[in-house]
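The values are calculated or read from the model by the stated rules, or taken from the named source; none is laboratory data. Computed from a predicted model, the values in this text were never measured in an experiment. A quick note on method: Cβ atoms are made from the backbone with ideal geometry, for glycine too, and the neighbour counts reach across all protein chains shown.
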Amino acid sequence: MDDILILGIESSCDETAASVVKNGREVLSNVISSQIDLHTLYGGVVPEIASRKHIEKINQVITMALQEAGVTLDDLDAIGVTYGPGLVGALLVGVAEAKAIAYAKKLPLIGVHHIEGHVSANYIEHPDLEPPFLCEIISGGHTHLVIVKDYGEFEILGRTRDDAAGEAFDKVARAIGLGYPGGPKIDKAARDGDPEAISFPRTHMGVSTRANATYARGVHDTEAYDFSFSGLKSAVLNYLNKCQMTGQEWNQADVAASFQQAVVDMLVDNAMRAAKDYHMKKFAIAGGVAANTALRKAMKEACEANHLEFYYPSPILCTDNAAMIGTAAYYEYLRGARSGWDLNAVPNLKLGER
């Protein structure tokens, strides 16, 4: 079988990225132009600014990706692009670029779900990883617990009811004076703090008593593995307000560590319960929050205790990148999936939708 080269394009939020991926698992190039420094000035991502920056950078990023890979557009077999979920203006830039290249070069166009891309990041560094496996996707916009039944085929066991884990990190980081981006800054500050200094709540949506019986019928308890982080976020804000009103001093590192520990406990607990209930042997994490050092350590220990094989991407592949999009596109390509010229940005695209 001849090698298959796919150009992946990612522009769902504030990273403009392009990558050339060979046969789904070998990354020939992975170029990322980040806008973090720019959005830090505003305390978060400004959608209109993000869109404009994507327009400025996308041609440069694609050119660099092709050069680093040592290929030209004529060598490609398909174009893969994130079309949702994400910021609509940002997504449109990537989708328009991908459609233009695919049309000009008469190449197949493959729209990729952003969350599917995050899951696929694990395939790049773990050649032995094949479905089925359990995966927890944890990012600024999403917190999902899914069974990856096959490439591009998912069963959702749980999702956040309110804030995503990464969103909670950003909001708490802002509240305690760390600024944006919240995830890495809380991770760093927490290393100097006591994770047991403050007792913040852990939200548990329920425990499945029907999982073993219902899984065989393709049904799951929709409440058993859901997440909620808004209560924890509110508890941190209430703690800070109480300290301010009573004149009590609070320690930034202790708040960061205690908050982070609460998030980690909820993520680990849901994952391990699901792995046990559904008799899974392999477990993976993905998404920006998957780069958190405390989470990776706790998940590794939990997987060892529960005799699970544990998979996780390098930090660069946890955050938004185009290599994961190229990998996801490869498996969609093998499945025969093709997008038409009417492919559009879908900002609220649900996992499993096409």
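Can you say whether GLU167 is charged (D, E, K, R) and in contact with a helix residue (DSSP H, G or I) (Cβ under 8 Å, 6 or more places away or on another chain), as far as the supplied structure shows? Explain how you work it out, then say what you get.
On the way: charged (D, E, K, R): yes; in contact with a helix residue (DSSP H, G or I) (Cβ under 8 Å, 6 or more places away or on another chain): no.
In short, no.
Mind checking whether some residue in segment 299-316 is within 14 Å of the chain's Cα centre (by Cα), touching a residue at least 24 places away in the same chain (Cβ under 8 Å) and within 16 Å of PHE154 (Cα to Cα)?
Taking segment 299-316 first, the residues within 14 Å of the chain's Cα centre (by Cα) are 312-316.
The next check asks that each one be touching a residue at least 24 places away in the same chain (Cβ under 8 Å); those that pass are 312-316.
Next, only the ones that are within 16 Å of PHE154 (Cα to Cα) stay: none.
There is no residue in segment 299-316 that is within 14 Å of the chain's Cα centre (by Cα), touching a residue at least 24 places away in the same chain (Cβ under 8 Å) and within 16 Å of PHE154 (Cα to Cα).
Which one of these is in contact with a strand residue (DSSP E or B) (Cβ under 7 Å, 6 or more places away or on another chain) and without any contact (Cβ under 8 Å) to a residue 40 or more places away in the chain: ALA102, ALA17? Give the derivation first.
Details: ALA17 fails: without any contact (Cβ under 8 Å) to a residue 40 or more places away in the chain.
It is ALA102.
Can you pull out the residues in segment 159-181 that are under 15 Å from the mean Cα position of the chain (by Cα) and of a type in the set (Gly, Ala, Ser)?
ALA164, ALA165, GLY166, ALA168, listed by residue number.
Quick check on my filter: what residues within segment 55-77 are among the hydrophobic types (A, V, I, L, M, F, W, C) and part of a helix (DSSP H, G or I)?
Step one: of segment 55-77, the residues among the hydrophobic types (A, V, I, L, M, F, W, C) are 55, 58, 61-62, 64-66, 69, 71, 73, 76.
ILE55, ILE58, VAL61, ILE62, MET64, ALA65, LEU66, ALA69, LEU73, listed by residue number.
Here are VAL119, VAL95: which of them is crowded, with 20+ Cβ neighbours inside 10 Å and either in contact with a Cys (Cβ under 8 Å, 6 or more places away or on another chain) or basic (Lys, Arg) (or both)? Please lay out each step first, then the result.
Values: VAL95 fails: either in contact with a Cys (Cβ under 8 Å, 6 or more places away or on another chain) or basic (Lys, Arg) (or both).
Residue meeting the stated conditions: VAL119.
Which of (1) modelled with pLDDT of 95 or more; (2) surrounded by fewer than 23 Cβ atoms within 10 Å (Cβ to Cβ) does HIS54 not meet, given it meets every other one?
It fails just one condition, (2).
Out of ILE49, ILE32, report the one residue that is of a type in the set (A, V, I, L, M), under 29 Å from ALA168 (Cβ atoms) and surrounded by 18 or more Cβ atoms within 10 Å (Cβ to Cβ). Before you say what the answer is, go through the steps one by one.
Numbers: ILE49 fails: surrounded by 18 or more Cβ atoms within 10 Å (Cβ to Cβ).
None of the others qualify; the one that does is ILE32.
Pick out the one residue from GLY287, GLY247 that is without any contact (Cβ under 8 Å) to a residue 40 or more places away in the chain and on the phi > 0 side of the Ramachandran plot. Spell out the reasoning first.
Numbers: GLY287 fails: without any contact (Cβ under 8 Å) to a residue 40 or more places away in the chain.
Of GLY287, GLY247, the one residue that is without any contact (Cβ under 8 Å) to a residue 40 or more places away in the chain and on the phi > 0 side of the Ramachandran plot is GLY247.
Would a scan of segment 82-94 turn up a residue that is hydrophobic (A, V, I, L, M, F, W, C), closer than 23 Å to ILE4 by Cβ and in contact (Cβ under 8 Å) with a residue 40 or more places away in the chain? Spell out how you get there, then give the answer.
Residues of segment 82-94 that are hydrophobic (A, V, I, L, M, F, W, C), as a first pass: 87-88, 90-93.
If we keep only those that are closer than 23 Å to ILE4 by Cβ too, we end up with none.
Taking every residue of segment 82-94 in turn, none turns out to be hydrophobic (A, V, I, L, M, F, W, C), closer than 23 Å to ILE4 by Cβ and in contact (Cβ under 8 Å) with a residue 40 or more places away in the chain.
Quick one: which of GLY179, GLY166 is touching a residue at least 12 places away in the same chain (Cβ under 8 Å) and part of a loop (DSSP other than H, G, I, E, B)? Steps first, please.
Working: GLY166 fails: part of a loop (DSSP other than H, G, I, E, B).
Unique residue meeting the criteria: GLY179.
Inside segment 192-202, can you point out the residues that are more than 15 Å from VAL236 (Cβ to Cβ) and either without any contact (Cβ under 8 Å) to a residue 12 or more places away in the chain or surrounded by 15 or more Cβ atoms within 10 Å (Cβ to Cβ) (or both)?
none
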